[in-house]
Amino acid sequence: MTTRKILIEPDPILRKKSSPLQKVDDQTRKLMKDMLETMYKAPGIGLAATQIGILKRIIVIDISKNEEKKTPLFLVNPEIIFRSKNTSVYEEGCLSLPGQFAEIERPAECHLKYINFDGKTKELKADGLLSTCIQHEVDHLNGILFIDYLSKLKKNMIIKKLLKQKKSSQRIVV
Ligand code: GNR
Ligand code: NI
């Protein structure tokens, strides 16, 4: 397995819409394993292919806390087929927005249709953190970041800060 580089906002690739896959083949499975390793290493609880610069509709998630009992989810072509009217608020972070956190309100429950690691069509009912994480990741596939739900002022402040961090890190010559 190989870990990949995670793109940081502002990056135009993070704003692109990803395309669905025709099938889950060995190359897809290799990519999903690399995504999972990249996510665990970061560490994060979810990762969209968009974040490593691959514009395909693939997500990996593992919200388990226990390091020993890993429960990875591989989601190909995820489609949210139900969103609850009631909402919940979570403090969200994003590996593409390092050091930035904000409370985001989203539908509390969602139902998902997707293709699993073995290429089978499945459905999943999610609530709590898993529901939030799924919605956060599906947003990535559509070029949306959680800062898009904040006021223009807050969003622009975060983007400015990240750009500054990027420029200063680029000045360091190894
Ligand atoms: O690691 C992550 N934590 C997190 C916390 C609350 C809501 C969403 C997330 S996803 C994030 C990893 C990430 O950036 N996925 O795209
Ligand atoms: Ni994210």
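The values are calculated or read from the model by the stated rules, or taken from the named source; none is laboratory data. Just so we're clear, the structure is a prediction, and the values are computed from it rather than from any experiment. Ideal geometry is used to build each Cβ from the backbone, glycine not excepted, and the neighbour counts take in all protein chains shown. To get the accessible areas, we keep the full protein, side chains included, count just its heavy atoms, and leave off ligands, DNA and RNA. Shrake-Rupley method; radii C 1.70, N 1.55, O 1.52, S 1.80 Å.
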Among the residues of segment 71-92, are any farther than 25 Å from residue 151 by Cα, without any contact (Cβ under 8 Å) to a residue 24 or more places away in the chain and not hydrophobic (A, V, I, L, M, F, W, C)?
yes
Does segment 1-49 hold any residues that are hydrophobic (A, V, I, L, M, F, W, C), in a loop (DSSP other than H, G, I, E, B) and over 16 Å from residue 75 (Cα atoms), and which are they?
1, 6, 7, 8, 42
State whether one or more residues within segment 63-81 are of a type in the set (D, E, K, R) and open to solvent by less than 50 Å² (accessible area, probe 1.4 Å).
no
I'm checking my understanding of the structure. Among residues of segment 123-172 that are aliphatic (A, V, I, L, M) and open to solvent by 50 Å² or more (accessible area, probe 1.4 Å), which one is farthest from residue 54 (Cα to Cα)?
153
Looking only at segment 44-54, which residues are closer than 18 Å to residue 29 by Cβ and either without any contact (Cβ under 8 Å) to a residue 24 or more places away in the chain or more than 12 Å from ligand 1 (Cβ to nearest atom) (or both)?
54
Considering each residue of segment 10-53, count those that are open to solvent by 10 Å² or more (accessible area, probe 1.4 Å) and touching a Ser or Thr at 6+ places or on another chain (Cβ under 8 Å), and give that number.
7
Residues in segment 83-98 that are within 13 Å of ligand 2 (Cβ to nearest atom) and open to solvent by less than 20 Å² (accessible area, probe 1.4 Å): how many?
4
